[in-house]
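Take a look at the structure set out below.
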Amino acid sequence: MKIKEILQTEGVEQEISVKGWVRTRRGSKRVSFIALNDGSTINNIQIVAEAADFDEELIKQITTGSCISVDGKLVASKGSGQAVEILASTINILGGADAEEYPLQPKKHSLEFLREKAHLRFRTNTFSAVFRLRHALTFAVHKFFNDKGFFNLHTPIITSIDAEGAGEMFQITSLDLEKLPKTKRGEVDYDIDFFGKKTSLAVTGQLEAELGALGLGQVYTFGPTFRSENSNTSRHLSEFWMIEPEIAFADLTQNMDLAEEFLKYCIQYCIDHNAEDLKFLDARMVEEENKLKKEERSEMGLLERLQFVIENDFVRLTYREAIDILRNSNPNKKKKFNYIIDGFGSELQSEHERYLVEKKFKKPVIITDYPKGIKAFYMRMNDDNQTVSAMDVLFPLIGEIIGGSQREERLDKLQARMQEMEICQEKLWWYLESRKFGSCPHSGFGLGFERLIMFVTGMKNIRDVIPFPRTPQNAEF
Ligand code: ATP
Ligand code: MN
(Lines give C-alpha, C1' and ligand atoms only; values in the text may rest on other atoms or scores of the structure.)
(Ligands and ions follow the chains in the order given, each with its own letter.)
Protein backbone atom coordinates (compact mmCIF):
# COMPACT_ATOMS: atom_id res chain seq x y z
CA MET A 1 0.00 0.00 0.00
CA LYS A 2 1.08 3.57 -0.58
CA ILE A 3 1.64 5.52 2.63
CA LYS A 4 -0.85 8.16 1.52
CA GLU A 5 -3.54 5.48 1.41
CA ILE A 6 -2.45 3.89 4.68
CA LEU A 7 -2.69 7.17 6.57
CA GLN A 8 -6.26 7.61 5.33
CA THR A 9 -7.28 4.09 6.37
CA GLU A 10 -9.76 3.98 9.20
CA GLY A 11 -9.84 0.25 9.87
CA VAL A 12 -6.77 -0.64 11.93
CA GLU A 13 -5.56 -4.10 12.99
CA GLN A 14 -5.04 -5.24 9.41
CA GLU A 15 -1.99 -6.86 7.82
CA ILE A 16 -0.30 -4.62 5.27
CA SER A 17 2.97 -4.24 3.44
CA VAL A 18 4.74 -1.06 2.53
CA LYS A 19 7.97 -0.08 0.76
CA GLY A 20 9.87 3.16 1.02
CA TRP A 21 12.97 5.08 2.04
CA VAL A 22 14.03 5.51 5.63
CA ARG A 23 14.01 9.11 6.83
CA THR A 24 15.21 8.33 10.35
CA ARG A 25 15.54 5.49 12.80
CA ARG A 26 15.61 6.13 16.52
CA GLY A 27 14.79 4.14 19.60
CA SER A 28 16.30 1.98 22.29
CA LYS A 29 17.84 -1.46 22.64
CA ARG A 30 14.34 -2.86 23.00
CA VAL A 31 12.50 -1.14 20.17
CA SER A 32 13.23 0.90 17.00
CA PHE A 33 11.01 3.58 15.48
CA ILE A 34 11.51 4.03 11.76
CA ALA A 35 10.09 7.02 9.89
CA LEU A 36 9.37 5.74 6.39
CA ASN A 37 8.40 7.74 3.30
CA ASP A 38 7.49 6.48 -0.16
CA GLY A 39 6.92 9.79 -1.95
CA SER A 40 3.15 9.43 -2.15
CA THR A 41 2.68 12.09 0.56
CA ILE A 42 4.66 14.54 2.64
CA ASN A 43 3.81 12.44 5.71
CA ASN A 44 5.85 9.49 6.96
CA ILE A 45 4.50 6.31 8.45
CA GLN A 46 6.03 5.13 11.69
CA ILE A 47 7.29 1.54 11.70
CA VAL A 48 7.76 -0.08 15.11
CA ALA A 49 10.31 -2.91 15.21
CA GLU A 50 10.70 -4.78 18.46
CA ALA A 51 14.28 -5.89 18.93
CA ALA A 52 13.17 -9.34 20.02
CA ASP A 53 11.64 -10.01 16.56
CA PHE A 54 14.67 -9.04 14.46
CA ASP A 55 18.30 -9.78 13.89
CA GLU A 56 20.43 -7.01 15.39
CA GLU A 57 22.50 -6.78 12.19
CA LEU A 58 19.38 -6.14 10.11
CA ILE A 59 18.24 -3.31 12.37
CA LYS A 60 21.70 -1.72 12.10
CA GLN A 61 21.34 -1.59 8.31
CA ILE A 62 18.14 0.43 8.54
CA THR A 63 19.84 3.80 8.22
CA THR A 64 18.72 7.12 6.81
CA GLY A 65 18.42 6.80 3.03
CA SER A 66 18.15 3.03 2.87
CA CYS A 67 15.23 1.43 1.07
CA ILE A 68 13.19 -1.23 2.87
CA SER A 69 10.04 -3.29 2.55
CA VAL A 70 7.96 -3.97 5.63
CA ASP A 71 5.17 -6.42 6.39
CA GLY A 72 3.22 -5.93 9.55
CA LYS A 73 0.05 -4.93 11.28
CA LEU A 74 -1.49 -1.48 11.10
CA VAL A 75 -2.34 -0.44 14.64
CA ALA A 76 -3.49 2.64 16.50
CA SER A 77 -0.37 4.46 17.64
CA LYS A 78 0.57 4.65 21.28
CA GLY A 79 2.70 7.69 20.59
CA SER A 80 1.31 11.18 20.19
CA GLY A 81 2.85 12.12 16.83
CA GLN A 82 0.61 9.96 14.64
CA ALA A 83 -2.75 8.23 14.61
CA VAL A 84 -1.56 4.90 13.22
CA GLU A 85 1.70 2.99 12.96
CA ILE A 86 2.89 -0.35 11.64
CA LEU A 87 4.01 -3.06 14.01
CA ALA A 88 6.57 -4.82 11.83
CA SER A 89 6.73 -8.60 11.49
CA THR A 90 9.13 -8.79 8.51
CA ILE A 91 11.63 -6.23 7.21
CA ASN A 92 13.74 -6.61 4.08
CA ILE A 93 16.55 -4.28 3.07
CA LEU A 94 16.03 -3.60 -0.64
CA GLY A 95 18.96 -1.20 -0.84
CA GLY A 96 21.24 -0.17 1.98
CA ALA A 97 22.72 3.32 2.28
CA ASP A 98 26.10 3.60 3.98
CA ALA A 99 25.50 5.85 6.96
CA GLU A 100 28.93 7.48 6.66
CA GLU A 101 28.62 8.22 2.94
CA TYR A 102 24.94 9.04 2.43
CA PRO A 103 24.88 12.78 1.74
CA LEU A 104 21.39 13.58 3.01
CA GLN A 105 21.73 13.22 6.74
CA PRO A 106 18.61 13.97 8.78
CA LYS A 107 19.30 17.65 9.28
CA LYS A 108 18.52 20.82 7.39
CA HIS A 109 20.51 21.15 4.16
CA SER A 110 20.78 24.31 2.09
CA LEU A 111 19.01 24.42 -1.27
CA GLU A 112 22.38 25.08 -2.92
CA PHE A 113 23.78 21.90 -1.44
CA LEU A 114 20.74 19.92 -2.53
CA ARG A 115 21.06 21.30 -6.08
CA GLU A 116 24.41 19.51 -6.25
CA LYS A 117 22.67 16.36 -5.05
CA ALA A 118 19.82 16.65 -7.52
CA HIS A 119 19.90 12.88 -8.02
CA LEU A 120 18.86 12.40 -4.38
CA ARG A 121 16.88 15.51 -3.55
CA PHE A 122 13.53 13.90 -4.44
CA ARG A 123 13.86 12.24 -1.03
CA THR A 124 13.61 15.48 0.91
CA ASN A 125 10.36 16.92 2.19
CA THR A 126 10.80 20.18 0.34
CA PHE A 127 11.57 18.72 -3.08
CA SER A 128 9.04 15.93 -2.92
CA ALA A 129 6.40 18.57 -2.14
CA VAL A 130 7.62 20.77 -5.00
CA PHE A 131 7.56 17.96 -7.54
CA ARG A 132 4.18 16.67 -6.46
CA LEU A 133 2.93 20.22 -7.01
CA ARG A 134 4.66 20.37 -10.38
CA HIS A 135 2.71 17.28 -11.34
CA ALA A 136 -0.56 18.71 -10.01
CA LEU A 137 -0.01 21.87 -12.05
CA THR A 138 0.73 19.85 -15.20
CA PHE A 139 -2.51 18.01 -14.70
CA ALA A 140 -4.41 21.23 -13.99
CA VAL A 141 -3.12 22.81 -17.20
CA HIS A 142 -4.36 19.93 -19.35
CA LYS A 143 -7.66 19.74 -17.49
CA PHE A 144 -8.33 23.45 -17.79
CA PHE A 145 -7.84 23.52 -21.54
CA ASN A 146 -9.48 20.17 -22.19
CA ASP A 147 -12.60 21.27 -20.29
CA LYS A 148 -12.73 24.41 -22.44
CA GLY A 149 -12.51 22.47 -25.70
CA PHE A 150 -8.89 23.32 -26.56
CA PHE A 151 -6.74 20.79 -28.40
CA ASN A 152 -3.21 20.03 -27.26
CA LEU A 153 -0.79 20.56 -30.14
CA HIS A 154 2.77 19.24 -30.22
CA THR A 155 4.89 21.76 -32.03
CA PRO A 156 8.40 20.97 -33.30
CA ILE A 157 11.43 21.26 -31.06
CA ILE A 158 13.81 21.54 -34.01
CA THR A 159 13.23 24.67 -36.03
CA SER A 160 14.83 26.84 -38.69
CA ILE A 161 13.27 30.12 -37.54
CA ASP A 162 13.99 32.55 -34.73
CA ALA A 163 10.40 33.49 -33.92
CA GLU A 164 11.24 35.85 -31.06
CA GLY A 165 13.95 37.54 -33.10
CA ALA A 166 16.19 37.66 -30.06
CA GLY A 167 18.84 35.36 -31.52
CA GLU A 168 19.16 33.41 -28.29
CA MET A 169 19.04 29.97 -29.89
CA PHE A 170 20.98 26.75 -29.48
CA GLN A 171 22.11 25.68 -32.91
CA ILE A 172 21.90 21.98 -33.69
CA THR A 173 23.89 20.29 -36.39
CA SER A 174 25.21 16.91 -37.48
CA LEU A 175 28.19 18.56 -39.18
CA ASP A 176 31.64 17.74 -37.84
CA LEU A 177 32.58 20.90 -35.95
CA GLU A 178 36.29 20.08 -36.34
CA LYS A 179 36.00 19.91 -40.12
CA LEU A 180 33.24 22.25 -41.19
CA PRO A 181 32.33 22.02 -44.89
CA LYS A 182 32.64 25.42 -46.57
CA THR A 183 31.06 26.93 -49.66
CA LYS A 184 33.18 28.58 -52.36
CA ARG A 185 32.57 31.86 -50.58
CA GLY A 186 34.05 30.47 -47.38
CA GLU A 187 30.79 30.20 -45.42
CA VAL A 188 29.61 27.07 -43.61
CA ASP A 189 27.78 24.90 -46.15
CA TYR A 190 24.46 24.14 -44.47
CA ASP A 191 23.18 22.49 -47.65
CA ILE A 192 24.88 19.32 -46.49
CA ASP A 193 23.85 19.67 -42.86
CA PHE A 194 21.26 17.17 -41.64
CA PHE A 195 18.18 19.19 -42.62
CA GLY A 196 19.80 21.00 -45.54
CA LYS A 197 19.60 24.27 -43.65
CA LYS A 198 20.70 25.91 -40.42
CA THR A 199 18.56 24.64 -37.53
CA SER A 200 18.17 25.30 -33.82
CA LEU A 201 16.12 24.33 -30.77
CA ALA A 202 12.81 26.20 -30.60
CA VAL A 203 12.42 29.29 -28.39
CA THR A 204 8.63 29.10 -28.75
CA GLY A 205 5.96 27.01 -30.47
CA GLN A 206 3.74 30.00 -31.08
CA LEU A 207 3.95 30.41 -34.84
CA GLU A 208 3.01 26.77 -35.41
CA ALA A 209 0.31 27.00 -32.71
CA GLU A 210 -1.21 29.91 -34.67
CA LEU A 211 -1.48 27.66 -37.72
CA GLY A 212 -3.22 25.05 -35.56
CA ALA A 213 -5.66 27.62 -34.16
CA LEU A 214 -6.56 28.81 -37.66
CA GLY A 215 -8.15 25.44 -38.36
CA LEU A 216 -8.77 23.73 -35.05
CA GLY A 217 -10.14 26.91 -33.46
CA GLN A 218 -8.34 26.78 -30.12
CA VAL A 219 -5.17 24.93 -29.30
CA TYR A 220 -2.45 24.93 -26.66
CA THR A 221 1.12 23.69 -26.57
CA PHE A 222 2.91 22.42 -23.48
CA GLY A 223 6.48 21.59 -24.18
CA PRO A 224 10.15 22.29 -23.58
CA THR A 225 11.62 25.55 -24.80
CA PHE A 226 15.26 26.48 -25.15
CA ARG A 227 16.96 29.83 -24.81
CA SER A 228 20.67 30.44 -24.80
CA GLU A 229 20.32 33.83 -23.10
CA ASN A 230 23.31 34.15 -20.85
CA SER A 231 21.31 35.47 -17.94
CA ASN A 232 22.24 33.77 -14.72
CA THR A 233 19.20 34.92 -12.78
CA SER A 234 16.90 33.17 -10.33
CA ARG A 235 14.09 33.37 -12.92
CA HIS A 236 15.73 32.09 -16.12
CA LEU A 237 16.54 28.57 -17.29
CA SER A 238 18.18 27.54 -20.55
CA GLU A 239 15.60 24.76 -20.86
CA PHE A 240 12.16 25.51 -19.52
CA TRP A 241 8.59 24.45 -20.17
CA MET A 242 6.06 26.73 -21.73
CA ILE A 243 2.30 26.60 -22.18
CA GLU A 244 1.07 28.50 -25.20
CA PRO A 245 -2.66 28.70 -25.92
CA GLU A 246 -3.72 30.23 -29.23
CA ILE A 247 -7.34 31.20 -29.82
CA ALA A 248 -9.08 32.05 -33.09
CA PHE A 249 -11.52 34.98 -32.98
CA ALA A 250 -10.20 36.23 -29.61
CA ASP A 251 -9.12 39.82 -29.07
CA LEU A 252 -6.71 41.12 -26.42
CA THR A 253 -9.42 41.49 -23.76
CA GLN A 254 -10.57 37.90 -24.21
CA ASN A 255 -6.92 36.86 -24.13
CA MET A 256 -6.43 38.63 -20.78
CA ASP A 257 -9.64 37.12 -19.40
CA LEU A 258 -8.42 33.65 -20.34
CA ALA A 259 -4.97 34.20 -18.82
CA GLU A 260 -6.47 35.42 -15.54
CA GLU A 261 -8.99 32.59 -15.33
CA PHE A 262 -6.28 30.05 -16.20
CA LEU A 263 -3.85 31.20 -13.51
CA LYS A 264 -6.56 31.26 -10.86
CA TYR A 265 -7.75 27.81 -11.88
CA CYS A 266 -4.27 26.29 -11.60
CA ILE A 267 -3.70 27.80 -8.16
CA GLN A 268 -7.13 26.68 -6.93
CA TYR A 269 -6.43 23.18 -8.24
CA CYS A 270 -3.34 22.93 -6.04
CA ILE A 271 -5.20 24.22 -3.00
CA ASP A 272 -7.89 21.59 -3.59
CA HIS A 273 -5.57 18.66 -4.32
CA ASN A 274 -2.25 19.33 -2.56
CA ALA A 275 -3.25 20.98 0.69
CA GLU A 276 -0.69 19.11 2.81
CA ASP A 277 2.22 19.93 0.51
CA LEU A 278 1.21 23.59 0.51
CA LYS A 279 0.86 23.60 4.28
CA PHE A 280 4.38 22.22 4.57
CA LEU A 281 5.80 24.79 2.14
CA ASP A 282 3.90 27.58 3.88
CA ALA A 283 5.55 26.65 7.18
CA ARG A 284 8.91 26.34 5.43
CA MET A 285 8.55 29.81 4.04
CA VAL A 286 7.76 31.31 7.45
CA GLU A 287 10.94 29.70 8.75
CA GLU A 288 12.99 31.12 5.86
CA GLU A 289 11.43 34.56 6.18
CA ASN A 290 12.26 34.71 9.87
CA LYS A 291 15.93 34.59 8.91
CA LEU A 292 15.51 37.83 6.93
CA LYS A 293 15.56 41.35 8.27
CA LYS A 294 12.11 42.61 9.17
CA GLU A 295 11.82 45.01 6.23
CA GLU A 296 12.76 42.26 3.78
CA ARG A 297 10.04 39.87 4.89
CA SER A 298 6.95 39.54 2.71
CA GLU A 299 3.68 40.75 4.06
CA MET A 300 1.86 37.51 3.29
CA GLY A 301 2.44 33.84 3.89
CA LEU A 302 2.31 31.41 1.00
CA LEU A 303 -1.26 30.20 1.46
CA GLU A 304 -2.48 33.70 2.15
CA ARG A 305 -0.88 34.94 -1.06
CA LEU A 306 -2.37 32.16 -3.17
CA GLN A 307 -5.81 32.89 -1.76
CA PHE A 308 -5.30 36.58 -2.37
CA VAL A 309 -4.54 36.06 -6.06
CA ILE A 310 -7.61 33.87 -6.52
CA GLU A 311 -9.92 36.34 -4.82
CA ASN A 312 -8.82 39.58 -6.45
CA ASP A 313 -9.20 40.94 -9.97
CA PHE A 314 -5.89 41.58 -11.67
CA VAL A 315 -5.21 45.28 -12.28
CA ARG A 316 -5.16 46.15 -15.98
CA LEU A 317 -3.41 49.23 -17.28
CA THR A 318 -1.68 50.38 -20.44
CA TYR A 319 2.04 50.77 -20.82
CA ARG A 320 1.55 54.57 -21.05
CA GLU A 321 -0.30 54.58 -17.73
CA ALA A 322 2.39 52.40 -16.18
CA ILE A 323 5.10 54.75 -17.39
CA ASP A 324 3.27 57.76 -15.92
CA ILE A 325 2.98 56.04 -12.56
CA LEU A 326 6.62 54.99 -12.60
CA ARG A 327 7.93 58.37 -13.73
CA ASN A 328 6.21 60.06 -10.81
CA SER A 329 7.09 57.36 -8.31
CA ASN A 330 9.37 58.05 -5.36
CA PRO A 331 12.13 55.59 -6.34
CA ASN A 332 12.27 57.16 -9.80
CA LYS A 333 12.40 60.74 -8.50
CA LYS A 334 14.98 59.83 -5.89
CA LYS A 335 16.95 57.85 -8.50
CA LYS A 336 16.62 54.65 -6.49
CA PHE A 337 15.86 52.59 -9.61
CA ASN A 338 18.90 51.28 -11.45
CA TYR A 339 17.17 52.22 -14.70
CA ILE A 340 15.47 55.61 -14.57
CA ILE A 341 12.17 55.83 -16.45
CA ASP A 342 12.20 58.93 -18.63
CA GLY A 343 9.22 58.29 -20.84
CA PHE A 344 7.57 56.38 -23.65
CA GLY A 345 9.87 53.72 -25.07
CA SER A 346 11.66 52.81 -21.85
CA GLU A 347 11.87 49.06 -21.26
CA LEU A 348 10.29 47.95 -18.01
CA GLN A 349 12.90 46.20 -15.90
CA SER A 350 12.03 43.79 -13.16
CA GLU A 351 12.55 46.52 -10.51
CA HIS A 352 9.77 48.55 -12.18
CA GLU A 353 7.49 45.57 -12.54
CA ARG A 354 7.95 44.72 -8.88
CA TYR A 355 7.28 48.30 -7.84
CA LEU A 356 3.92 48.25 -9.66
CA VAL A 357 2.90 44.83 -8.36
CA GLU A 358 4.28 44.89 -4.82
CA LYS A 359 4.25 48.57 -3.85
CA LYS A 360 1.71 50.42 -5.96
CA PHE A 361 -1.16 47.98 -6.56
CA LYS A 362 -0.29 45.03 -4.31
CA LYS A 363 -2.04 42.76 -6.80
CA PRO A 364 -1.15 40.95 -10.04
CA VAL A 365 -0.97 43.48 -12.84
CA ILE A 366 -1.53 43.16 -16.58
CA ILE A 367 0.22 45.78 -18.69
CA THR A 368 -1.02 46.22 -22.26
CA ASP A 369 -0.20 48.16 -25.42
CA TYR A 370 3.58 48.31 -25.35
CA PRO A 371 5.64 50.38 -27.82
CA LYS A 372 6.15 48.39 -31.01
CA GLY A 373 9.91 48.85 -30.78
CA ILE A 374 10.30 46.60 -27.74
CA LYS A 375 8.00 43.77 -28.84
CA ALA A 376 8.02 40.97 -31.45
CA PHE A 377 7.01 41.37 -35.10
CA TYR A 378 3.84 39.28 -34.91
CA MET A 379 1.97 41.52 -32.44
CA ARG A 380 -1.01 43.43 -33.80
CA MET A 381 -0.40 47.10 -34.56
CA ASN A 382 -2.73 49.51 -32.74
CA ASP A 383 -4.38 52.42 -34.55
CA ASP A 384 -1.84 54.85 -33.09
CA ASN A 385 0.84 53.07 -35.16
CA GLN A 386 3.17 53.27 -32.14
CA THR A 387 1.94 50.59 -29.80
CA VAL A 388 1.02 46.95 -30.28
CA SER A 389 -1.73 44.82 -28.76
CA ALA A 390 0.55 43.12 -26.26
CA MET A 391 0.00 42.07 -22.68
CA ASP A 392 2.37 41.01 -19.90
CA VAL A 393 1.02 39.50 -16.70
CA LEU A 394 3.17 40.45 -13.69
CA PHE A 395 3.07 38.55 -10.41
CA PRO A 396 4.33 39.41 -6.95
CA LEU A 397 7.83 38.02 -6.24
CA ILE A 398 8.05 36.57 -9.77
CA GLY A 399 7.70 39.52 -12.14
CA GLU A 400 6.66 38.53 -15.66
CA ILE A 401 4.82 35.21 -15.64
CA ILE A 402 2.94 35.51 -18.95
CA GLY A 403 3.70 37.34 -22.19
CA GLY A 404 1.04 37.46 -24.87
CA SER A 405 -0.64 39.48 -27.59
CA GLN A 406 -3.29 39.75 -30.22
CA ARG A 407 -1.57 38.64 -33.39
CA GLU A 408 -1.29 40.73 -36.56
CA GLU A 409 -3.83 39.06 -38.84
CA ARG A 410 -3.62 41.66 -41.67
CA LEU A 411 -1.19 40.52 -44.34
CA ASP A 412 -0.10 43.99 -45.49
CA LYS A 413 0.54 45.24 -41.97
CA LEU A 414 2.42 42.07 -41.05
CA GLN A 415 4.65 42.32 -44.11
CA ALA A 416 5.35 45.98 -43.48
CA ARG A 417 6.39 45.24 -39.92
CA MET A 418 8.61 42.34 -40.97
CA GLN A 419 10.31 44.57 -43.47
CA GLU A 420 10.89 47.26 -40.84
CA MET A 421 12.37 44.70 -38.47
CA GLU A 422 14.39 42.97 -41.19
CA ILE A 423 12.75 39.60 -40.75
CA CYS A 424 13.14 37.22 -43.67
CA GLN A 425 9.77 36.80 -45.38
CA GLU A 426 10.87 33.94 -47.66
CA LYS A 427 11.67 31.70 -44.70
CA LEU A 428 8.28 32.43 -43.12
CA TRP A 429 6.28 31.94 -46.34
CA TRP A 430 3.97 29.48 -44.60
CA TYR A 431 3.24 31.89 -41.76
CA LEU A 432 2.41 34.61 -44.27
CA GLU A 433 0.09 32.25 -46.20
CA SER A 434 -1.99 31.84 -43.03
CA ARG A 435 -2.75 35.57 -43.43
CA LYS A 436 -3.38 35.21 -47.15
CA PHE A 437 -5.89 32.36 -46.89
CA GLY A 438 -8.72 32.64 -44.40
CA SER A 439 -7.03 34.91 -41.88
CA CYS A 440 -8.94 36.04 -38.79
CA PRO A 441 -8.35 37.94 -35.56
CA HIS A 442 -6.66 35.68 -33.03
CA SER A 443 -4.68 35.91 -29.81
CA GLY A 444 -2.55 33.87 -27.49
CA PHE A 445 0.03 33.91 -24.75
CA GLY A 446 2.97 32.03 -23.28
CA LEU A 447 3.13 31.02 -19.63
CA GLY A 448 6.51 30.05 -18.23
CA PHE A 449 5.59 26.86 -16.36
CA GLU A 450 8.46 27.05 -13.87
CA ARG A 451 7.55 30.62 -12.94
CA LEU A 452 4.04 29.44 -12.07
CA ILE A 453 5.51 26.62 -9.96
CA MET A 454 7.76 29.15 -8.19
CA PHE A 455 4.73 31.21 -7.31
CA VAL A 456 2.68 28.29 -6.05
CA THR A 457 5.49 26.69 -4.02
CA GLY A 458 7.16 29.88 -2.77
CA MET A 459 10.54 28.63 -4.00
CA LYS A 460 12.76 31.62 -4.77
CA ASN A 461 15.11 30.05 -7.31
CA ILE A 462 13.84 28.60 -10.59
CA ARG A 463 16.50 25.87 -10.34
CA ASP A 464 14.54 24.38 -7.46
CA VAL A 465 11.28 23.77 -9.31
CA ILE A 466 12.55 21.70 -12.27
CA PRO A 467 14.04 18.26 -11.58
CA PHE A 468 17.31 18.78 -13.45
CA PRO A 469 17.95 22.46 -14.23
CA ARG A 470 19.87 23.57 -17.30
CA THR A 471 21.60 26.92 -16.85
CA PRO A 472 24.78 28.50 -18.23
CA GLN A 473 27.76 26.28 -17.34
CA ASN A 474 25.51 23.63 -15.87
CA ALA A 475 24.10 20.49 -17.50
CA GLU A 476 24.86 17.90 -14.83
CA PHE A 477 22.61 14.86 -14.38
P1 ATP B 1 11.84 37.74 -19.45
O2 ATP B 1 11.70 39.19 -19.72
O3 ATP B 1 11.48 37.36 -18.03
O4 ATP B 1 13.14 37.14 -19.90
P5 ATP B 1 10.55 37.18 -21.95
O6 ATP B 1 9.94 38.48 -22.25
O7 ATP B 1 11.82 36.79 -22.60
O8 ATP B 1 10.70 37.03 -20.34
P9 ATP B 1 8.57 35.63 -23.41
O10 ATP B 1 9.42 35.51 -24.60
O11 ATP B 1 7.36 36.49 -23.46
O12 ATP B 1 9.45 36.03 -22.13
O13 ATP B 1 8.15 34.15 -22.91
C14 ATP B 1 6.90 33.85 -22.30
C15 ATP B 1 7.07 33.42 -20.85
O16 ATP B 1 8.05 32.41 -20.72
C17 ATP B 1 7.56 34.51 -19.91
O18 ATP B 1 6.50 35.31 -19.49
C19 ATP B 1 8.18 33.74 -18.78
O20 ATP B 1 7.18 33.29 -17.88
C21 ATP B 1 8.74 32.52 -19.47
N22 ATP B 1 10.18 32.60 -19.72
C23 ATP B 1 10.84 33.33 -20.65
N24 ATP B 1 12.17 33.11 -20.63
C25 ATP B 1 12.37 32.18 -19.66
C26 ATP B 1 13.53 31.51 -19.17
N27 ATP B 1 14.74 31.74 -19.69
N28 ATP B 1 13.38 30.61 -18.18
C29 ATP B 1 12.15 30.36 -17.66
N30 ATP B 1 11.02 30.95 -18.09
C31 ATP B 1 11.11 31.85 -19.08
MN1 MN C 1 13.83 36.70 -21.82
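Extents of the chain, largest first, come to 85, 58, 44 Å (Cα atoms, principal axes, whole angstrom). Determine the shape class of segment 199-270: with a ≥ b ≥ c the square roots of the Cα gyration tensor eigenvalues, call it rounded for a/c under 1.5, and otherwise prolate if a/b is greater than b/c, oblate otherwise. It comes out oblate by the Cα gyration axes. The mean of 1/r over all pairs of different alpha-carbon atoms in segment 356-405, once inverted, gives a Kirkwood hydrodynamic radius of 11.5 Å. Of the GluC sites (Glu not before Pro) found in segment 73-111, those that fall in a DSSP loop while having at most 14 other beta-carbon atoms within 10 Å are GLU100, GLU101.
Taken one residue at a time, the phi angles of segment 109-120 give Karplus couplings (6.51, -1.76, 1.60, θ = phi - 60°) of 10, 6, 5, 4, 4, 5, 4, 6, 10, 4, 6, 10 Hz. Gly and Pro are set to x. Taking 1.567 mPa s as the viscosity and 4 °C as the temperature, the Stokes-Einstein diffusion coefficient of segment 318-398 based on its alpha-carbon Kirkwood radius rounds to 99 µm²/s. Once the gyration tensor of the Cα atoms in segment 329-469 is diagonalised, the equivalent ellipsoid follows with semi-axes of 32, 21, 13 Å, ordered largest first. Only helices enter this figure: runs of n ≥ 4 DSSP H residues, each worth -39500 (n - 2.57), summed and divided by the residues of the chain, yield -9000 deg cm²/dmol at 222 nm to the nearest 500.
When only alpha carbons are used to place a centre, segment 51-78 and segment 179-243 end up 52 Å from one another. With the convex hull drawn over the C-alpha atoms of segment 71-113, the volume per residue is 139 Å³. Here the convex hull built on the C-alpha positions of segment 339-381 has a volume of 89 cubic angstrom per residue. Taking one quarter of the surface of the convex hull spanned by the alpha-carbon atoms of segment 239-362 gives a direction-averaged projected area of 10.7 nm².
Among the protein heavy atoms of the chain, carbon and sulfur supply 49% of the accessible surface, probe 1.4 Å, non-protein parts ignored. Based on the convex hull around the alpha carbon atoms, segment 132-232 presents an average projected area of 9.6 nm². Taken along its principal axes, the alpha carbon cloud of segment 387-445 reaches lengths of 41, 25, 20 Å, longest axis first.
Normalised Debye scattering of segment 1-98 at q = 0.16, 0.19, 0.25 Å⁻¹ gives log10 I(q)/I(0) of -0.58, -0.84, -1.51, counting only Cα atoms as equal scatterers and leaving out solvent.
Per-residue Karplus couplings for segment 445-458, computed as 6.51 cos²θ - 1.76 cosθ + 1.60 with θ equal to phi - 60°, are listed in order as 8, x, 9, x, 4, 5, 5, 5, 5, 4, 5, 6, 8, x Hz, Gly and Pro entered as x. Per residue, the chain exposes 50 Å² of solvent-accessible protein surface, assessed with a 1.4 angstrom probe and all protein chains in place. With a Cα cut-off of under 24 Å and a minimum spacing of 8 residues unless on different chains, the lysine pairs in segment 114-225 number 6.
Rg over Rh for segment 174-332 works out to 1.10, both radii taken from alpha-carbon positions and Rh defined as the Kirkwood radius. Applying the criteria of a DSSP loop state and at most 16 other Cβ atoms within 10 Å to the trypsin sites (Lys or Arg not before Pro) of segment 78-180 yields LYS78, LYS107, LYS108, LYS117, LYS148, LYS179.
For segment 32-149, count all C-alpha to C-alpha pairs, find those more than 21 Å apart, and express that count as a whole percent of the total. Percentage above 21 Å: 52. Per-residue Karplus couplings for segment 203-218, computed as 6.51 cos²θ - 1.76 cosθ + 1.60 with θ equal to phi - 60°, are listed in order as 8, 6, x, 4, 4, 5, 4, 4, 4, x, 5, 7, x, 8, x, 9 Hz, Gly and Pro entered as x. Amide H contacts under 5 Å for THR471: SER238, restricted to partners 5 or more places along the chain or on a different chain, H placed in the peptide plane at 1.01 Å from N. Annotation: amide H of ASP251 has no partner in the under-5 Å range at sequence separation 5 or more or interchain, hydrogens built in the peptide plane.
The values are calculated or read from the model by the stated rules, or taken from the named source; none is laboratory data. In this text, all values refer to a predicted model and were calculated from it rather than measured experimentally. All Cβ positions, even for glycine, are placed from backbone atoms using ideal geometry, and neighbour counts span all protein chains on display. Each accessible area value is taken on the protein alone, full model and side chains, heavy atoms only, with ligands, DNA and RNA left out. Shrake-Rupley method; radii C 1.70, N 1.55, O 1.52, S 1.80 Å.
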